[in-house]
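Right, one structure below, let's go through it.
The values are calculated or read from the model by the stated rules, or taken from the named source; none is laboratory data. No experiment lies behind these values; they were computed from the predicted model shown. Note: ideal-geometry Cβ built from the backbone for every residue, glycine included; neighbour counts use all protein chains shown.
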Amino acid sequence: MESLIPSIIEKQKLFFNSGKTFDIDYRKRQLIKLKKEIQVKENEIESALFNDLGKSKGETFLTEIHFIYSELNIAIKNIKKWSKRKAVRSSLLNFPSSDYIIPQPFGNTLHISPWNYPFQLSIAPIIGAVAAGNTVLLKPSEYSEETSKLLKEIIMNVFDEGFVSVVLGGPKIASKLLSFQWDYIFFTGSVNVGKIVAEKAAKFLTPTTLELGGKNPCIIDETVPVKTTAKRIIWGKFINCGQTCIAPDFLIVSEKIVKKLTHELIKQIEVLYGKNPEESESYGRIIGAKHLKYLNSLLENQKIIHGGNINTDNKYFEPTLIEIDNFDSKLMEDEIFGPILPIYAYKDFNEIDEIIKKYKNPLALYIFTKKIGFGEKFLHKHSFGGGAINDTVVHIINDRLPFGGIGNSGMGKYHGESTFKTFSHYKPYISKPLWIDIPLRYPPFNKKLNFLKKVLKITR
């Protein structure tokens, strides 16, 4: 496959240079075709995601397939509106003139996608890139092998190879792809690999979107209804077996309710996944033995208050709650990315600020409270990618909300129109007639400077 990469890239350059992707109707037809192909392949998508991650049909539909249908529908419906030239008010100095901004594609784009939501996180950026008129070369994760193979089949059935292609492989293939010059790179994955991508892109001054991760705090004060709070936390944490970049990574709970909340968290695990989650069709699996071993190592010397059992044969890791009284362990160093939920009891609000500062720029932040202004205080004070008051994860559902990180959790944004904007260069230009030429801007200025200042002051 590595030897074929240069020829695929050349095909995509030629395809873009042909001007075919500038035809908005062509882009729209391709997106409609993609939607129909996904509809045909729904059962195969479900099977692939079950084989890779143990995902149930319900979870697959909600977090992968439906998500993509939503992105496709909004792009198909709005592509012509998004692609329109926009008129803006002109400057008096340019009078008379017509001033415009027009979105245009960057060109040839590279997408590297992760294994945790391998279908959704591969297809969603492609939708926006295609809608904007770019070519796409996708390198999906080698860990979600079944889904990656199916992605290649779907893409081959829908698109001309010069428009969208898929290259399968591991780090060696990714490194090879990054050695070429691209017009845009879109990466979703770990912080460490994101830094490598950014370094490679910098060589060619290539614009990038980096969707990374972070250690996402979840703050719970003493005013909350415990049952509803616990249910929403358990759902957000253990969906996809905790392998979600915006899942709450740890809880900061008022000491006044920590025992009561912990008891309810354990109860809600049973409500959602049964007495034995290993037998639940709704509870997924860890991606592979390596990650399972890593997660298990995080439990060393920890106070486990629920769970902690694993089964290496079927990659099962039990929903696990851990009580912590400090942040010095390996468990609290990096993003957990699995079904382990540390719980810390705070005494006063000052503690919360210091903890959040310790984990600068998380991808998400969640606050549960009934106090007016309590949630907004943290939302405005701290920097993070996105979040919610009195819920977890759900901000990703609304395609009108841009999704992306800041600082170590990433750069750039997408979803809905934001994805189209990400993959578009908004080119400004003006159009002026030749029949009139106002002399105000031309030297010498000595006699007209005061008049010029008065005119421009009025128009500020």
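Taking the stated definitions as given, is I322 closer than 19 Å to C245 by Cα and either not assigned by TED's automatic domain parsing to the domain that holds A48 or not in a helix (DSSP H, G or I) (or both)?
In short, no.
Looking at L295, L265, L272, can you tell me which residue is over 20 Å from F378 (Cβ atoms) and touching a Gly at 6+ places or on another chain (Cβ under 7 Å)?
So the residue among L295, L265, L272 that is over 20 Å from F378 (Cβ atoms) and touching a Gly at 6+ places or on another chain (Cβ under 7 Å) is L295.
Counting only residues that are surrounded by 20 or more Cβ atoms within 10 Å (Cβ to Cβ) and either in contact with a strand residue (DSSP E or B) (Cβ under 7 Å, 6 or more places away or on another chain) or not assigned by TED's automatic domain parsing to the domain that holds P105 (or both), how many does segment 141-161 have?
2
Residue-by-condition table, conditions (1) more than 30 Å from I239 (Cα to Cα); (2) not hydrophobic (A, V, I, L, M, F, W, C):
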site	(1), (2)
T21	yes, yes
I24	yes, no
Q30	yes, yes
K35	no, yes
I38	no, no
S70	no, yes
K80	yes, yes
L92	yes, no
S98	yes, yes
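Could you please tell me which pairs satisfy a Cβ distance under 9 Å, a separation of 6+ or placement on different chains, a first residue in segment 203-217 that is more than 10 Å from M411 (Cβ to Cβ), and a second residue that is basic (K, R)?
T206/K200; G214/K360; K215/K358
Could you look through segment 212-243, keep only residues that are assigned to a helix (DSSP H, G or I) and either aliphatic (A, V, I, L, M) or not assigned by TED's automatic domain parsing to the domain that holds Y366 (or both), and pick out the one that is nearest to the chain's Cα centre (by Cα)?
Across segment 212-243, the extreme among qualifying residues is I239.
Quick one: which helices (runs of 4 or more DSSP H) lie wholly within segment 7-109 and hold at least 2 residues that are aromatic (F, W, Y)?
Because the criterion is at least 2 residues that are aromatic (F, W, Y), the helices (runs of 4 or more DSSP H) in segment 7-109 that meet it are 66-83.
Do you know which of the residues in segment 289-302 that are in a loop (DSSP other than H, G, I, E, B) and either in contact with a Lys or Arg (Cβ under 7 Å, 6 or more places away or on another chain) or among the polar types (S, T, N, Q) (or both) is surrounded by the most Cβ atoms within 10 Å (Cβ to Cβ)?
Across segment 289-302, the extreme among qualifying residues is L298.
Assess whether K237 counts as being among the basic types (K, R), within 26 Å of G385 (Cα to Cα), buried (at least 22 other Cβ atoms within 10 Å of the Cβ) and at pLDDT 95 or above.
Here the answer is yes, as K237 does meet what is asked.
Filter segment 64-85 down to the residues that are of a type in the set (G, A, S), out of contact with any Pro (no Cβ under 7 Å at 6 or more places or on another chain) and within 30 Å of D99 (Cβ to Cβ) and list them by number.
Across segment 64-85, the qualifying residue is only A75.
Among the residues of segment 374-393, which ones are β-branched (V, I, T) and in contact (Cβ under 8 Å) with a residue 40 or more places away in the chain?
Hits for segment 374-393 are T392, V393.
Mind listing whichever residues of segment 336-361 are in contact with a helix residue (DSSP H, G or I) (Cβ under 8 Å, 6 or more places away or on another chain) and at pLDDT below 95?
Within segment 336-361, I352, D353, I356, K360, N361 meet the criteria.
Note down all Cβ pairs under 7 Å where the first residue falls in segment 404-430 and is touching a residue at least 24 places away in the same chain (Cβ under 8 Å), the second is charged (D, E, K, R) and assigned to a strand (DSSP E or B), and they're at least six residues apart or on different chains.
Listed pairs, sorted by first residue: G404/E211; G405/E211; G410/E211; I430/D99.
Have a look at I269, I305, I252 and point out the one that is outside the structural domain of Q120 (by TED's automatic domain parsing), surrounded by 19 or more Cβ atoms within 10 Å (Cβ to Cβ) and outside any helix (DSSP H, G or I).
Among I269, I305, I252, only I252 is outside the structural domain of Q120 (by TED's automatic domain parsing), surrounded by 19 or more Cβ atoms within 10 Å (Cβ to Cβ) and outside any helix (DSSP H, G or I).
Out of segment 76-100, which residues are surrounded by 13 or more Cβ atoms within 10 Å (Cβ to Cβ), within 25 Å of V136 (Cβ to Cβ) and in contact with a Phe, Trp or Tyr (Cβ under 7 Å, 6 or more places away or on another chain)?
The answer is W82, and nothing else.
Output the number of residues of segment 435-460 satisfying the condition of being assigned to a loop (DSSP other than H, G, I, E, B) and among the polar types (S, T, N, Q).
2
Yes or no, residue by residue, for (1) β-branched (V, I, T); (2) in contact with a helix residue (DSSP H, G or I) (Cβ under 7 Å, 6 or more places away or on another chain):
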site	(1), (2)
P118	no, yes
S122	no, yes
G128	no, yes
T135	yes, yes
A201	no, no
T209	yes, yes
N216	no, no
